[in-house]
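**Q** Pasting a structure below so you can have a look.
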Amino acid sequence: MKKASLAHLATPGAEFAVRVTPKAARNAVEPGDAGLRIYVTAAPEDGKANKAVTKLLADALGVARSRLTLVRGATARDKLFRLD
């Protein structure tokens, strides 16, 4: 997806269900069955994949990374982010 292509979803208080695929061949955000699919090249160690997911999602929404909060799923593939 293009940068800020999800900007229409960026409303305060909105929650985003995300399915993450770490160690992917490319970084990408795509619509999925039950939310968004995010592919990151980062490995799931020491929070690197979570940081990459947060950055990618913030870029796609056109918001600052500091406005996204990881609500649930810090160590899981299925995550829930909230836009503050």
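**Q** With a 1.4 Å probe and all protein chains left in place, how much of the accessible area of the stretch 1-81 comes from carbon and sulfur atoms, in whole percent?
**A** Details: 2470 of 4850 Å².
C and S fraction of accessible area: 51 percent.
**Q** Counting each DSSP H run of 4 or more residues in the chain as -39500 (n - 2.57), what helix-only mean residue ellipticity at 222 nm follows after dividing by all residues, to the nearest 500 deg cm²/dmol?
**A** -5500 deg cm²/dmol
**Q** Still on this structure: Size of the dipole of the stretch 12-84 about the Cα centre, Lys and Arg at +1 and Asp and Glu at -1 on the beta carbon, nothing else charged, in debye to 20?
**A** Numbers: 13 positive and 8 negative charges, 28 e Å.
The calculated dipole for the stretch 12-84 is roughly 140 debye.
**Q** Per the Kirkwood definition applied to all pairs of different Cα atoms, how many angstroms is the hydrodynamic radius of the chain?
**A** Details: mean 1/r = 0.0804 Å⁻¹.
Its Kirkwood hydrodynamic radius stands at 12.4 Å.
**Q** Can you find, among 25, 39, 5, the residue sitting farthest towards the positive end of the charge dipole of the chain, where Lys and Arg contribute +1 and Asp and Glu -1 at Cβ?
**A** Working it through, the farthest residue towards the positive pole turns out to be 25.
**Q** Moving on. Roughly what angle does helix 48-61 make with the longest principal axis of the chain, taking Cα atoms, 0 to 90 degrees, to the nearest 10?
**A** 30
**Q** Calculate, in nm to one decimal, what residue 72 and residue 84 gain on full extension: separation in residues at 0.36 nm each, minus their alpha carbon distance.
**A** Details: separation 12, 0.36 × 12 = 4.32 nm, distance 1.48 nm.
Extra length from residue 72 to residue 84 when fully extended: 2.8 nm.
**Q** Set the Förster radius R0 to 22 Å, insert the Cβ-Cβ distance between residue 43 and residue 9 as r into 1/(1 + (r/R0)^6), and round the FRET efficiency to 0.05.
**A** 0.20
**Q** Any idea how many Lys pairs in the chain come in under 17 angstrom at the alpha carbon, given 8 or more places apart or on separate chains?
**A** So the count works out to 9.
The values are calculated or read from the model by the stated rules, or taken from the named source; none is laboratory data. Nothing here was measured: the structure is a model prediction, and the numbers come from that model. Ideal geometry is used to build each Cβ from the backbone, glycine not excepted, and the neighbour counts take in all protein chains shown. Remember, those area values only see protein heavy atoms, side chains included, never the ligands or the DNA or RNA. Shrake-Rupley method; radii C 1.70, N 1.55, O 1.52, S 1.80 Å.
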